[in-house]
Every structure is written in C-alpha cells, then in structure tokens.
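See below for the structure under consideration.
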Amino acid sequence: MKILLAEDEPQLQHVLKKAMQSVGYQVDAVNNGKSAVKAAKENIYDVMIFDVMMPEMTGIEAMKEIRKTGDSTHVIILTAMSEIDDKVTGLDAGADDYMTKPFSLKELLARLRSKERREDDYNHKLVEYGSVKLDTDQQELVSHNSIRLPSKETELMKLFMLNADKQLSTHEIRQKIWGDEENDEIVWIYISYLRGKLAAINADIQIVGKKDGEFCLTKK
Amino acid sequence: MNIYEKYGDVLPEILNEVTDYLKQINETYKEKHHDKLYEHLIARVKTPESMEEKCQRKGYAVTTKSALKECKDAIGIRVVCGFIDDIYTFVDLIKQASWSEIVNEKDYIKNAKPNGYRSYHLILKVKVPFEDIDGNNPGQYFVEIQLRTIAMDSWASLEHRMKYKHDIKNPEQITKELKRTADELASCDISMQTIRNLIEENR
C-alpha cells in the first residue's frame, strides 16, 4: 500500500514513517496540510493519515480540500484531543477512521492490515458457484462459453453468487444494486438479462423466481 | 478448365435455387408473423482459386471430386439475422423443408470457438435437375449455410480482415482483445433478445 502521512512533529513523523516502511508500505511524509493537498493531487494513495493540528492548514481542512476533488481515499485522522466532538467533526468531514493520541504503533499497523484485508480478501474479485466463474474485475462470466457483462449486471450476478441459495426480494435487490436511482421494475429486466446470459454460457446454475417476487440462485 | 470443370456452370443455378427457397421461407414466415426472420443474405459460389487453395490446405487431392464432395462449401449462403432466436427458428424451418437433407450441423453459438467466433453452420444436401459428379440425374449437391446475427457477422468480418495482417506486433494481446469484444457483442445480442422477449411478455 502507498500511504500519505501528514504530521508536523518531526520525531513522531519519523517513527511512524519508519514503522510503516518496516512492514513494507510505501510512505510519503509531509509536515503540513498544504503539502498534503499538493501530494494528493500528484499521487495515488491507498491510505492517508493526517494529524489534525498542523501549521498552514489543519488535517481536517486538507482532507476537505482533497475530498472536494472527488478523491475517496481511506483517511485516518490523528487527534490529540479525546473529545467526542473532535471525532465527530473529523468523521463528518470525510474521515473513515480516527486514532487518539497517544496511540500505539501496534494498533495503527493493525488498522492498516484491516483496511488491506477489506480491499483484497473481502473484495471477491473471483466468485465461483456451480460451474460458473465470475471475474468482477474483467466483468467476465465463464462456464462452457464466456461472456462479458456490463457493470450493473456484474454487480447483480456477484450479489447472487455471494448469496447463493438465499431468497432475495425484488425490493432488497433494487436497494443493494441501484439504491434510489431506479424503481423495482429494473430488477426483473436485469434478472431477465442474466438468465439469458447464464443460458448462453450453458451454466449449471439458475435464478429461480417470478417477476416482483423473491429470487434465488440455485444449482440446476 | 478450372477445378469445377463442367459442373462450374450449374453451381450458380443451384445457388439461386436454394437462395429462392430460403427467401420463400422468410416470406411465408412474414405473412404469418408480420416480422422478418433475417435482415439480409449473401450468396456466393467459392471461386475456383480459393477452392484449389482450400483443397491443398486440407490435404485433399486438387480434383473436381474433392471440390464438390470433400469440401462441402462450393455453394455457400450466409443468412444474417436480427435476433439469436430467429437463427434457431430459421434452422428449424430449413429442417422441415422437403427440398433438402441436413448432413452436418454445428452450433458455434452454444459452443463458441476459442477465439470468440459465433455462428450456426449447416451443410445441406439438395437434389437438383442437373447431373452430379457421380453421374446421377437428378443430382445431389452440397450447400453450406451460415446463420448469424448482425453483431456476430460484424465481428467475424473484422476478425477475418485482421487475421491476415502479419505485421501485428502483439498478436496474443490482439487475439485476447478480439475475444473480449466477441464476448461483449454476444452479451449485447442476448440483451437485445431479452428486450424483445420482455416487450412480447408485456403485450
């Protein structure tokens, strides 16, 4: 993972940087909010760790600037104050996590590992059920033949494959995949697409259910 | 004299006759369902030069007999349909027709080729009022029919054109990308078919 660290206290910055580098992370360290905004503009990071109280621009202000550009990188705020309000302000301003100073290095590294797991293990880039494999990165559905799915069909197929043999309601499916962008009608249309595509690759699994009702992915 | 010898003259006539049969199937279907079964069809007799080349490539003797009996695509018709289901409907109607017998059938739609190629191939044996190479009159000739959707057809013709470009630097990458495109087009074909079915359901 590539990490951006913004910490104005030289000794703490040095310790954090060394600790994270020692476990294999690539770390860019800066000592104020302005430099952090600049670094975020020029590079791609997996995680950003910002101290709140810094000269020129606070960590919260820097994060707000960065979020404004559409950057959704995972941000951990380091706050000296254990006040509830500071945590709330930080999280509401766009942070994903916070740590209260003084904190243990062990805990910071554990949080980074947890974040990494969420990216890799829980992201299920390859999903399998019956004879069917879905590569969510390539949006490819493979059995006897292979076919490429558009993004929403990939998401829906993944939802079914990760929840095989469970009854999923039309409403629940619509909420998970489309949110409020579409109404429940869309679900039947997309299930129809997927049924056609499962048949085209000669899959041994099927989506069972009737329009507007509950749907379930099962083995034939 | 070319590889077809005296039989070369009757091949275009047989081609026209079978084309008319296929057009008739479409007309009958149109009257009944108010919808056409195919968008267009292309009919051709394989040129003597490509037939000779094919016989050599396949390891057959370069003879009239090979051209008419070993190779079964001297007469070829490609039917390009709008929807996948139309292909299967058309195949069924050809099977029911009295003027031909199906000698071989390959479904490369349900069993796509590794490069992504999709199409439905039929080899027909037709009885015609001309002498064939075995001296029978009426004689028997082979006709190859390829049925595919517009999307399958556009992919196949582009892939064909690129196949003969030998100066491509990264052929594996290009093959992979062509395969991906074939799988995307196949996905579109099924979506179009699904949309048509949904419209029918809601009628």
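Assorted remarks:
- Single match in B:154, B:191 (criterion: in a helix (DSSP H, G or I), away from every other protein chain (no Cβ under 14 Å), among the polar types (S, T, N, Q) and free of Cβ contacts under 8 Å to residues at least 40 places away in the same chain): B:154
- Residue match in region B:113-133 (condition: surrounded by fewer than 18 Cβ atoms within 10 Å (Cβ to Cβ), closer than 23 Å to residue B:29 by Cα, among the acidic types (Asp, Glu) and out of contact with any helix residue (DSSP H, G or I) (no Cβ under 7 Å at 6 or more places or on another chain)): no
- For region B:91-112, filtered to residues that are assigned to a loop (DSSP other than H, G, I, E, B) and exposed (fewer than 13 other Cβ atoms within 10 Å of the Cβ), the residue that is nearest to the other protein chains (Cβ to nearest Cβ) is B:111.
- Counting the residues of region A:182-220 that are touching a strand residue (DSSP E or B) at 6+ places or on another chain (Cβ under 7 Å) and outside any strand (DSSP E or B) gives 11.
- Scanning region A:143-190 for residues being in contact with a helix residue (DSSP H, G or I) (Cβ under 7 Å, 6 or more places away or on another chain) and small (Gly, Ala, Ser) gives a total of 1.
- Residue in region A:164-171 that is away from chain B (no Cβ under 14 Å), buried (at least 18 other Cβ atoms within 10 Å of the Cβ) and over 20 Å from residue B:187 (Cβ atoms) present: yes
- Residue identified as touching a Phe, Trp or Tyr at 6+ places or on another chain (Cβ under 7 Å) and exposed (fewer than 15 other Cβ atoms within 10 Å of the Cβ) among A:2, A:38, A:18: A:2
Here's the yes/no breakdown for (1) under 19 Å from the mean Cα position of the chain (by Cα); (2) buried (at least 18 other Cβ atoms within 10 Å of the Cβ):
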{"site": "B:20", "(1), (2)": "yes, no"}
{"site": "B:31", "(1), (2)": "no, no"}
{"site": "B:39", "(1), (2)": "yes, no"}
{"site": "B:42", "(1), (2)": "yes, no"}
{"site": "B:46", "(1), (2)": "yes, yes"}
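- Listed by position, the helices (runs of 4 or more DSSP H) inside region A:38-155 whose residues that are closer than 30 Å to residue A:179 by Cα and either within 14 Å of chain B (Cβ to nearest Cβ) or touching a residue at least 40 places away in the same chain (Cβ under 8 Å) (or both) number at least 3 are A:105-119.
Read the figures in this text as sums done on the coordinates, not as results from a lab. Because the structure is a prediction, the values reported are computed rather than measured. Quick reminder, even Gly has a Cβ in these numbers, built from the backbone with ideal geometry, and neighbours come from all protein chains shown.
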